[in-house]
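Engineer: Next up is a structure, given as structure tokens.
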Amino acid sequence: MSELLFEGYGVPSIAYGIDSLYSFHANAPSPAADGLVISSATSSTHVIPVLNGRAVLTSAKKCVRSEERRVGKECPRRVDL
């Protein structure tokens with residue numbers, strides 16, 4: 001993908017990341033905002049805490065929909081930061 005963008009279309013730079021975090025930073029009241037990003041999709045939901053404008057990915061949780069749940073993959077009732 002990167003090679004196609006650089007060589008085929010002459011794109012000067014690209015950034016890969018988590019789309020919901022890009023949205024959080026674009027809509028945050030300040031660069032050092034705190035918040036909780038909840039990203040829901042068809043098969044799972046991701047919960048990502050943001051402290052001082054930075055995502056705390058070690059505390060991020062993935063909740064799998066009930067049809068696809070496996071032992072040990074249940075949604076947490078609370079997120080500890």
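Engineer: Rounded, prolate or oblate, given the Cα gyration tensor of region 1-72, with a/c below 1.5 counting as rounded?
Structural biologist: The shape class here is oblate.
Engineer: Still on this model: State, to one decimal in nm, how far the label point of Ile38 lies from the label point of Leu5, with both points 7 Å from Cα in the Cβ direction.
Structural biologist: Label-label distance for Ile38 and Leu5, simple model: 3.0 nm.
Engineer: Next question, about the same structure. Classify region 1-42 from the C-alpha gyration tensor, please: rounded if a/c falls under 1.5, else prolate or oblate depending on whether a/b exceeds b/c.
Structural biologist: Here region 1-42 falls in the oblate category.
Engineer: While we're looking at this one, here's another question. Please compute the modelled spin-label separation between Ser20 and Lys61, points set 7 Å along Cα→Cβ, answer in nm with one decimal.
Structural biologist: 1.2
Engineer: A follow-up question, please. For the full complex of protein chains and a 1.4 angstrom probe, list Arg65, Arg54 by accessible area with the highest value first.
Structural biologist: The ordering from most to least exposed comes out as Arg54, Arg65.
The values are calculated or read from the model by the stated rules, or taken from the named source; none is laboratory data. Note that the structure is a prediction, hence the values are computed from the model and not measured. All Cβ positions, even for glycine, are placed from backbone atoms using ideal geometry, and neighbour counts span all protein chains on display. Accessible surface areas use protein heavy atoms only, side chains included; no ligands, DNA or RNA. Shrake-Rupley method; radii C 1.70, N 1.55, O 1.52, S 1.80 Å.
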